[in-house]
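Chemist: Mind having a look at this structure? Questions to follow.
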Amino acid sequence: MTNILSPLAAIRTRSFVSVLLHSHRFPPFSSETRLLKQHKPIYCRPFWLNNRQSFSVFSKMDSVGASSPKEFPLGLDASLEEEYSSQSSLLQDFTSIPTIDKAWTFTSDSGSQGMFSMSQPNLLANKKRRYILPCHISKESTNAVSFQWAAFPIEMSNVSMMIPSPSGSKLLVVRNPENDSPTKFEIWGPSLVEKEFYVPASAHGSVYSDGWFEGISWNSDETLIAYVAEEPAPSKPTFTTFGYKKDNSTDKECGSWKGQGDWEEEWGETYAGKRQPALFIIDVNSGVVRPVEGIGKSLSVGQVVWAPSREGLEQYLVFVGWPSDNRKLGIKYCYNRPCALYAVKAPFSKVEVHQSGTNAANDVSPIKLTQSISSAFFPRFSPDGKLLIFLSARSSVDSWAHSATDSLHKIDWSFSGKPTPDATIVDVVPIVMCPEDGCFPGLYCFSVLSRPWLSDGYTMILSSIWGSTQVIISVNVISGNILRISPGDSSFSWNMLALDGDNIIAVCSSPVDVPAIKYGSLACKVSAETSWSWLDVSSPISRCSEKVTSLLSSRQFSNMRIPVRDISENLTKGASKPYEAIFVSSKTQSRNVCDPLIVVLHGGPHSVSLSSFSKSLAFLSSLGYSLLIVNYRGSLGFGEEAVQSLPGKIGSQDVNDVLAAIDHVIEKGLANPSKISVLGGSHGGFLTTHLIGQAPDKFAAAVARNPVCNLALMVGTSDIPDWCYAETFGEEGKTNFTEATSSEHLDAFYRKSPILHVSKVRTPTLFLLGAKDLRVPMSTGLQYARALKEKGGVDVKVIVFPEDTHALDRPQSDYESFLNIGVWFKKYCK
């Protein structure tokens, strides 16, 4: 291949023409926009000032006449509107900072080429704007690298996925359908679109691009692509004015309508309409699509990869399968769902054609490769094809904690013939129970590159959590040796984007530093277990407004270790070790005058807040607040004993850890005890509402995003009722679980819940709720807010986002959420 950027040039041409054709669209909206109509000025109120459920760009025209009072949006007065206007401008600056999502590298005659995929909120469209930025990479010496960036990024409208072929000579672009439209596959070549295929809804639904079930894999000769898509929708009963119509058809006919038919389980939060991810193969030359046979509906499939091909042998696919013939519990963020690796024969194979009509051709049942382990995912083959490497969340599956410490394993693939179900599974990286101070705390990986290997063929590069930071590590899959290769003295978080040969392209950030690209190289190529050097990469991606740059330059952060209070004999060693908190503050803060403090609490609870850049938290910090971001015991990154110390103790151990962290910064003179507020979502909202009830005089203000307020109500309405049992009862949760919750269990849930303490709350509280949240249905937060209003004496504000799920991450919702959070804290804490 001579020039990998040439396919991108064709994309650029099409995108540029599209821009020209649509240049008549509205310019970016600002609060200063004016429109003229019949020569009369109309004031355009920014959409974020409207707290009603339906967003509207334009407010009602003010009535003519000096005596008419000004009409304010619901919940605002003159002073609050001024604060909204002031903060919204700053929030806009932070919101516009792009996010680096992915990167790829390719080798050409002129050197390495890079392609970065980025996203940016489009507030008016309420979608993410996605685009790519190409570059040429020149490694001038061991101490210098140059990235020559394209002049402008290329917007990729309506693109769900982009997958380069192994050689880099082709690019697959997938555009998922809206409604019942076909799925579009585009194969890009050196200078143009070589093929376009439209796959109708009768063949399959949308291709999965969720990061979990998602799997698209080119075969070695780049003629076939395996992928995961929603199986075709089942037929529904048809009715006409004469009643039920026999001989059902999937076509829409005039004078008839489709009934609902039987209800089917879906995969919960963020998977509305997703029932059965299935495996398909498309022939790149003909566009023929075939389902992979033999799997059946008892498995939901994902993460497919091609097994190494061998001359004269049948071609196999390896995929992850989740049992789906019974109750589908929510899978988003839940690694405690049992899963296994399977191998299945691939359609279109030459051997299959030669053996058609034989028993071998009819033997299409998948082979379960990981019989002896309860979890296996992210399968990757070593470059020589002799090892199959995979991650496991067996600790999560076995304990029912929704996330825990991972392990890494391998299976020998150097056999002749077909795979067998009795292959020996060998541990590469075992679960770490209690790490020594400063040592490797265990694996916590949420993604793996499709090709994560150095040229030696046995060194795997991964991103993993290490305390309150994300780091880059190398794993020798032969010896099991692990090395932290991102700088050991850095408290920033590092995330690997791509490999460029034996070099690493990574993104590095902190709570006060926007993401920056780094280029890592081996100081000595004799072994990967040597020191790495990291070079700064100048890029347009990390640029932001002068105002944001100035504000962030005045902030600083540190990772604090918080001693555990009241250590008992019942605690494990890992649960007795200090936990961590990230403290963000002004560089000029004096001990006598402290900025107001916001305590920030992550959800999960088995998750972690990282020392990486968050646009929303950086915005709050830039308003003049210190931040205390607490990774209470039960958080990831500190060993398995710390994780497992929390189930059964929620509402007490985690609450006490947060209070101890607050007292720690007060004792150090870093916080004013009269100016402390608290912010949390999901389990962080559980902690927020517990804290304002258990410590009613501690907090000046509180904000809860989709909070868990009443487990007794949540257990019967959530997509993860098992979570309620696991976190309430600990080890007994697995045996206690039932869909028919007993009165004794309901009482236990209630006693673990924040609503038990609602009568003591005196803290002004803002609730932000998503009406389509299947994880923590808004009824629990609404019940709590109504109870506060009924009690009286407490300021309560509720904002409901009618189209949002648990994360509240649609661009307009995220924007309005943090604008209201900033104004709420300013009202009560400044």
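The values are calculated or read from the model by the stated rules, or taken from the named source; none is laboratory data. All of these numbers come straight from a predicted model, not from anything done at the bench. We place every Cβ from the backbone using ideal geometry, glycine too, and count neighbours over all the protein chains shown. Just so you know, the surface numbers come from the protein's heavy atoms only, side chains and all, with ligands and any DNA or RNA stripped out. Shrake-Rupley method; radii C 1.70, N 1.55, O 1.52, S 1.80 Å.
Chemist: In the stretch 546-565, how many are in contact (Cβ under 8 Å) with a residue 40 or more places away in the chain and either in a loop (DSSP other than H, G, I, E, B) or among the aromatic types (Phe, Trp, Tyr) (or both)?
Modeler: Looking only at that region, the number is 4.
Chemist: Which condition breaks for Pro605 when tested against (1) open to solvent by 10 Å² or more (accessible area, probe 1.4 Å); (2) in a loop (DSSP other than H, G, I, E, B)?
Modeler: (1)
Chemist: Restricting attention to the stretch 581-593, does a residue exist that is among the aromatic types (Phe, Trp, Tyr), part of a loop (DSSP other than H, G, I, E, B) and either buried (at least 18 other Cβ atoms within 10 Å of the Cβ) or touching a Cys at 6+ places or on another chain (Cβ under 6 Å) (or both)?
Modeler: no
Chemist: Provide a single number: the residues in the stretch 689-709 that are in contact with a Pro (Cβ under 6 Å, 6 or more places away or on another chain) and not small (Gly, Ala, Ser).
Modeler: 3
Chemist: I want to confirm something. Restricting to the stretch 167-207 and keeping residues that are in contact (Cβ under 8 Å) with a residue 24 or more places away in the chain and open to solvent by 60 Å² or more (accessible area, probe 1.4 Å), which single residue is nearest to Val289 (Cα to Cα)?
Modeler: So the residue we want is Ser202.
Chemist: Oh, and also: Of the residues Glu253, Glu222, Glu214, which is out of contact with any Asp or Glu (no Cβ under 6 Å at 6 or more places or on another chain), open to solvent by less than 30 Å² (accessible area, probe 1.4 Å), of a type in the set (D, E, K, R) and assigned to a loop (DSSP other than H, G, I, E, B)?
Modeler: None of the others qualify; the one that does is Glu222.
Chemist: If I ask for residues that are assigned to a loop (DSSP other than H, G, I, E, B) and in contact with a His (Cβ under 7 Å, 6 or more places away or on another chain), which ones from the stretch 401-458 would you list?
Modeler: Within the stretch 401-458, Ala401, His402, Ser403, Ala404 meet the criteria.
Chemist: For Ile541, all conditions in the list (1) open to solvent by less than 50 Å² (accessible area, probe 1.4 Å); (2) modelled with pLDDT of 90 or more; (3) within 24 Å of Thr95 (Cβ to Cβ) hold save one; what is the number of the exception?
Modeler: For Ile541, the exception is condition (2).
Chemist: Can you go through Ile465, Ile478, Ile517, Ile541 and tell me which one is out of contact with any strand residue (DSSP E or B) (no Cβ under 7 Å at 6 or more places or on another chain) and under 25 Å from Ser616 (Cα atoms)?
Modeler: Ile465
Chemist: It is to be established whether one or more residues within the stretch 752-769 are of a type in the set (Gly, Ala, Ser), outside any loop (DSSP other than H, G, I, E, B) and surrounded by 15 or more Cβ atoms within 10 Å (Cβ to Cβ).
Modeler: no
Chemist: So, one more: Part of a helix (DSSP H, G or I) and crowded, with 23+ Cβ neighbours inside 10 Å: does that describe Val599?
Modeler: Spelling it out, it is not the case that Val599 is part of a helix (DSSP H, G or I) and crowded, with 23+ Cβ neighbours inside 10 Å.
Chemist: Inspect all residues belonging to the stretch 294-316 and state whether any of them is without any contact (Cβ under 8 Å) to a residue 24 or more places away in the chain and on the phi > 0 side of the Ramachandran plot.
Modeler: Yes, some residue in the stretch 294-316 is without any contact (Cβ under 8 Å) to a residue 24 or more places away in the chain and on the phi > 0 side of the Ramachandran plot.
Chemist: If you scan the stretch 284-342, which residues turn out to be among the aromatic types (Phe, Trp, Tyr) and in a loop (DSSP other than H, G, I, E, B)?
Modeler: Tyr333, Tyr335
Chemist: Inspect all residues belonging to the stretch 679-692 and state whether any of them is closer than 27 Å to Asn326 by Cβ and surrounded by fewer than 23 Cβ atoms within 10 Å (Cβ to Cβ).
Modeler: Looking for residues that are closer than 27 Å to Asn326 by Cβ and surrounded by fewer than 23 Cβ atoms within 10 Å (Cβ to Cβ), one finds none in the stretch 679-692, hence no.
Chemist: Hey, another quick one. Got at least one residue in the stretch 434-442 being touching a Leu at 6+ places or on another chain (Cβ under 8 Å) and either surrounded by fewer than 22 Cβ atoms within 10 Å (Cβ to Cβ) or without any contact (Cβ under 8 Å) to a residue 60 or more places away in the chain (or both)?
Modeler: No, the stretch 434-442 has no match at all.
Chemist: Looking only at the stretch 782-824, filter to residues that are in a helix (DSSP H, G or I), within 24 Å of Gln87 (Cβ to Cβ) and of a type in the set (D, E, K, R); which one of those is least open to solvent (accessible area, probe 1.4 Å)?
Modeler: Glu816
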